[in-house]
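One structure is given below, encoded as structure tokens.
The values are calculated or read from the model by the stated rules, or taken from the named source; none is laboratory data. Note that the structure is predicted; figures quoted are calculated from it, not measured. Virtual Cβ from ideal backbone geometry, glycine too; neighbours counted across all protein chains shown.
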């Protein structure tokens, strides 16, 4: 619950900076930077980390099945 309050506080600070992003970097780049900063304030999603881990596992399993000597040398 405390994390929710902290994230909300960070998002409100970023929202106040929206005009500064637009003024200093232009409309398009300012909007992009604003959205990236909101994304960073919210934190990372577990979904992308899980999908990356799953993809690495599948690739290593495939390599182990088709090229067992490649993985044994590590």
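So here's what we get for this one:
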| quantity | calculated |
| --- | --- |
| Where a residue in the stretch 41-60 is closer than 30 Å to residue 9 by Cα and its partner, wherever it lies, is surrounded by 10 or more Cβ atoms within 10 Å (Cβ to Cβ), with Cβ under 8 Å and at least six apart | 41/7; 41/10; 41/11; 41/14; 42/7; 42/11; 43/7 |
| Helices (runs of 4 or more DSSP H) wholly inside the chain containing at least 3 residues that are at pLDDT 80 or above and either surrounded by 10 or more Cβ atoms within 10 Å (Cβ to Cβ) or touching a strand residue (DSSP E or B) at 6+ places or on another chain (Cβ under 9 Å) (or both) | 27-42, 46-66 |
